[in-house]
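Down below is the structure, laid out as structure tokens.
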Amino acid sequence: MKKFFMIVIAVVILAIAGYGIAYLVAPVDSIALEEYVHEVSISCPDAFISRSESVYYATSPGTVYDMSEEGDRVSRDTAVSTIYSGNVDGSVLRELQTLDNKINRLKQREAQSTLYSQDTGSVEGEVALRINSIPDLSKAGEIETIHEYKEDINSLRAGGDISLSAKIEELTNEKSALESSISGGKTDILCDRSGIFSSYIDGLESVLAPDRIQEYNVTYIRSLSAQNIKHTSGSAVLTGDPICKVMNNHKWYVIGIGSEANASLCIEGTNVTVRFTNLSGSSAAGTITFVSDADENGEFLFLVEVSSYLESPFSYRTIDTDIIFEEYSGYKIPSEAVRTGDTLDSYYVYATIGSTTYRCDCDILYTDMEEGYSIIQSAENAENKLASMERLIVGER
């Protein structure tokens, strides 16, 4: 009997040892640790850009000439286009454009440059200042400015007046003399606001005015299409033809269409990020300022106001965009890998470097209960940071 019990005990010891060895050598269930960005967002592939825009029309028939170029910022009460009565020779218009480009460039330099201050030094100092600037201008490809500096240097050495004001006045007089050769007179189009100049008219300027959004529904917005009318400088126009427009560049809007699935996200006053997927990922901060009632399909309109200048949207009316409500940057892991610490609001995970395992204290940024994953980051006072780890231990087999 004693021998039998010894055999049983030996078998039990061997079984325990076997299981222990199997446990120790069993592979750990783990995953690679990779940084991950999680977004809570709405995709709007058919959104509209809405702006406060002023369209200007021809007050007489003739030949249109734009003094401003597409995308230029213009000031209030500035002449942006001119209607010359009758037909105007194309070479005259090209010369006018050349003079206007020079005048505008000199005005910009006058506002920004310190080279042309009234407190000028010696002729030698002014010449040296321009000569020393030429290498940097050459690297930047500023060919026109280099040419102007060379003219300055020659004028300085000849004792001439090189002030920008004098140059602007000279070019303005030259333009007036050229205009006087055009018979029939002219009518200037003055803008009543400052903003971005454009000669593209799509017919939606008044329709998509931000203050009219409450008048529309999803079906109507989807039915809209841009006409994309554009005249070219030198083309003939009739009285009443649209010539150009000036757009508010301090504030603009995105009109998006939401669905029932994301209705809980769209709340007036919510701050969001607007990302334009077809503009190389350009983005801007905005605020939802209007949300319409849902229609029979659960769809609704919402308006996002953006108060920061972004150049690209001024060339578009329809746009593919994402409205981002929340963004979490951390590590995406199975929720089961998170362990509760000494307190209810403290958490940690096990991670490895090579064959060594470490406890890594962490914060939970986001949890998706349905999908069973969490986004975590290292706790501020964590001794072992996740960024230095290779793999995360999910569990043991």
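The values are calculated or read from the model by the stated rules, or taken from the named source; none is laboratory data. Computed from a predicted model, the values in this text were never measured in an experiment. Positions of Cβ are generated from backbone atoms using ideal geometry, with glycine treated the same way; all protein chains shown enter the neighbour counts.
Of the residues examined, residue 364 is not one that is touching a His at 6+ places or on another chain (Cβ under 9 Å) and either assigned to a strand (DSSP E or B) or closer than 15 Å to residue 34 by Cβ (or both).
Within segment 220-229, the residues that satisfy the criterion of being in contact (Cβ under 8 Å) with a residue 12 or more places away in the chain and part of a loop (DSSP other than H, G, I, E, B) are 224, 226, 227, 228. If the condition is being farther than 18 Å from residue 172 by Cβ and at pLDDT below 85, then segment 70-93 contributes 85, 86, 87, 88, 89, 90, 91.
Of 138, 176, which residue is closer than 30 Å to residue 243 by Cα, loosely packed, with under 14 Cβ neighbours inside 10 Å, modelled with pLDDT of 75 or more and not aromatic (Phe, Trp, Tyr)? Step through it out loud before you land on a result.
Details: 138 fails: closer than 30 Å to residue 243 by Cα.
Among 138, 176, only 176 is closer than 30 Å to residue 243 by Cα, loosely packed, with under 14 Cβ neighbours inside 10 Å, modelled with pLDDT of 75 or more and not aromatic (Phe, Trp, Tyr).
The sole residue among 189, 201, 255, 221 that is touching a Phe, Trp or Tyr at 6+ places or on another chain (Cβ under 8 Å), buried (at least 19 other Cβ atoms within 10 Å of the Cβ), under 20 Å from residue 62 (Cβ atoms) and not acidic (Asp, Glu) is 189. Would you be able to say whether some residue in segment 230-253 is over 25 Å from the mean Cα position of the chain (by Cα), of a type in the set (Val, Ile, Thr), assigned to a strand (DSSP E or B) and at pLDDT below 90? Among the residues of segment 230-253, at least one is over 25 Å from the mean Cα position of the chain (by Cα), of a type in the set (Val, Ile, Thr), assigned to a strand (DSSP E or B) and at pLDDT below 90, which makes the answer yes. Among the residues of segment 316-335, just one is among the charged types (D, E, K, R) and more than 19 Å from residue 43 (Cα to Cα), namely 332. In segment 189-219, the residue that is farthest from residue 243 (Cα to Cα) out of those that are in a helix (DSSP H, G or I) and among the charged types (D, E, K, R) is 215.
Name the single residue that is modelled with the highest pLDDT among those in segment 111-129 being out of contact with any Ser or Thr (no Cβ under 7 Å at 6 or more places or on another chain) and outside any loop (DSSP other than H, G, I, E, B). Looking at the filtered set, the residue picked out is 128.
Just a yes or no: is a residue in segment 343-351 over 30 Å from residue 69 (Cβ atoms), in contact (Cβ under 8 Å) with a residue 60 or more places away in the chain and not polar (S, T, N, Q)?
Yes, segment 343-351 contains at least one residue that is over 30 Å from residue 69 (Cβ atoms), in contact (Cβ under 8 Å) with a residue 60 or more places away in the chain and not polar (S, T, N, Q).
Quick one: residue 321 ticks every box in (1) in contact with a Leu (Cβ under 8 Å, 6 or more places away or on another chain); (2) under 20 Å from residue 209 (Cβ atoms); (3) of a type outside the set (A, V, I, L, M) bar one, so which box is it? Looking at each condition in turn, residue 321 falls short on (1). Filtered by the rule that a residue be charged (D, E, K, R) and within 23 Å of residue 195 (Cα to Cα), segment 64-100 gives 66, 69, 70, 72, 73, 76, 77, 100. Being touching a Gly at 6+ places or on another chain (Cβ under 9 Å), modelled with pLDDT of 85 or more and not basic (Lys, Arg) is a property that residue 315 lacks.
Sub-8 Å Cβ pairs linking a first residue in segment 83-101 that is in a loop (DSSP other than H, G, I, E, B) and surrounded by fewer than 18 Cβ atoms within 10 Å (Cβ to Cβ) to a second residue that is at pLDDT below 75 and not hydroxyl-bearing (Ser, Thr, Tyr), at least 6 apart or interchain, are 85/184; 86/184, ordered by first then second residue. The condition of being assigned to a strand (DSSP E or B) and either surrounded by 15 or more Cβ atoms within 10 Å (Cβ to Cβ) or at positive phi (or both) holds for only one of 314, 325, that being 325.
Filtered by the rule that a residue be among the small types (Gly, Ala, Ser) and touching a residue at least 40 places away in the same chain (Cβ under 8 Å), segment 352-386 gives a lone residue, 374.
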